[in-house]
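Data block below; observations after.
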Amino acid sequence: MTRNRSVFSRLAGTALFVALVAWLSGFLYFLSRALVAEPDDMPEARAVVVLTGGARRIDVGLAILKANPGARLLISGVNPAVLRAELSAISGEDAPLYECCVDLDRTSTDTLGNARETALWARKNGFDRVMLVTAAYHMPRSLIVLRRAMPEVRVEAYPVQAAVSTSYLLKEYHKYLFTLASDAAGI
């Protein structure tokens, strides 16, 4: 009986060690993708989507929009109380740019909602390629969710650097793991 307990204890310890190594390796991989530097070059894009929630995202999205005449920008997750004129004033961009080329999604409250609204917007406008602008730490999970919502659209990443705490990175890593698992399970 003691021998069985000893074998079981060793197996449990080994399994725990393997799980810890897998979790830590995954976290290091996540960090390598989540803390990438912002691209230096302005990309070519007809369709740009900004997920709200962090500093500089809208400014970067507007810069991409301005560098691509004829493009459209969707700002997803805008608070319903925020007026278009307020966004224009906050960003320092002229109202005509917002009027001609910027669409606002006011219904999304999370990444899944962003993906649903982006898919509707892309289909409505006939876009087969979308440039996604969000925080670098949010990008790995956002890419999975958006690509799943619109598999017919090529989603490309434009990560924006943002200051974030280690505890927030851990929280985002666990959300990323859950998203990977649900994607793999087809949920």
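Just so you know, all these numbers are worked out from the coordinates, no wet-lab data involved. Note that this is a predicted model, so its numbers are computed, not measured. Neighbour counts are summed over all protein chains in view; Cβ atoms, including those assigned to glycine, are modelled from backbone coordinates with ideal geometry.
Between L83 and L24, the distance separating the two model label sites (each 7 Å from Cα on the Cα→Cβ line) works out to 5.5 nm.
Taking each DSSP H run with n ≥ 4 as -39500 (n - 2.57) and averaging over every residue of the chain yields -18500 deg cm²/dmol at 222 nm. The phi torsions of region 68-74, fed into the Karplus equation with coefficients 6.51, -1.76 and 1.60 and a -60° offset, translate into couplings of 10, x, x, 7, 10, 10, 10 Hz, rounded to whole numbers, with Gly and Pro shown as x. Near L74, the amide H atoms lying under 5 Å from its own belong to V48, V49, V50, D103; only residues 5 or more places off or on other chains count, and H is placed 1.01 Å from N. Charge dipole of the chain (Cα centre as origin; +1 on each Lys and Arg Cβ, -1 on each Asp and Glu Cβ, all else neutral): 1060 debye, rounded to the nearest 20.
With the simple model of a label 7 Å out from the Cα in the direction of the Cβ, Q161 to L16 spans 4.0 nm.
Each Cα pair under 8 Å and six or more residues apart adds its separation to the average, and for the chain the resulting relative contact order is 24 percent.
Please give the Cα centre distance for region 126-150 versus region 38-64, rounded to the nearest Å. First find each Cα centre; the distance between them is then 12 Å. For region 84-187, chymotrypsin sites (Phe, Trp or Tyr not before Pro) meeting the loop criterion (DSSP other than H, G, I, E, B) and having at most 13 other Cβ atoms within 10 Å: none. Cross-link partners of K124 among lysines, defined as those whose alpha carbon lies under 30 angstrom from its own and excluding same-chain residues fewer than eight positions apart: K66, K175.
Farthest toward the positive end of the dipole of region 32-187, out of V130, S182, V102, is the Cα of S182, where the dipole comes from beta carbon charges about the Cα centre. In this structure, the amide hydrogen of A135, modeled 1.01 Å from its nitrogen in the peptide plane, lies closer than 5 angstrom to those of V160, counting only residues at least 5 positions away or on a different chain. Close amide H partners of V155, meaning residues 5 or more places away or on another chain with modelled amide H under 5 Å apart, are V130. Put one equal scatterer on each alpha carbon of region 21-151, apply the Debye formula with no solvent term, and list log10 I(q)/I(0) at q = 0.10, 0.19, 0.22 1/Å to two decimals. After summing over all Cα pairs, the log10 values are -0.33, -1.11, -1.43. In a DSSP loop and with at most 16 other Cβ atoms within 10 Å, there are no chymotrypsin sites (Phe, Trp or Tyr not before Pro) in region 16-86.
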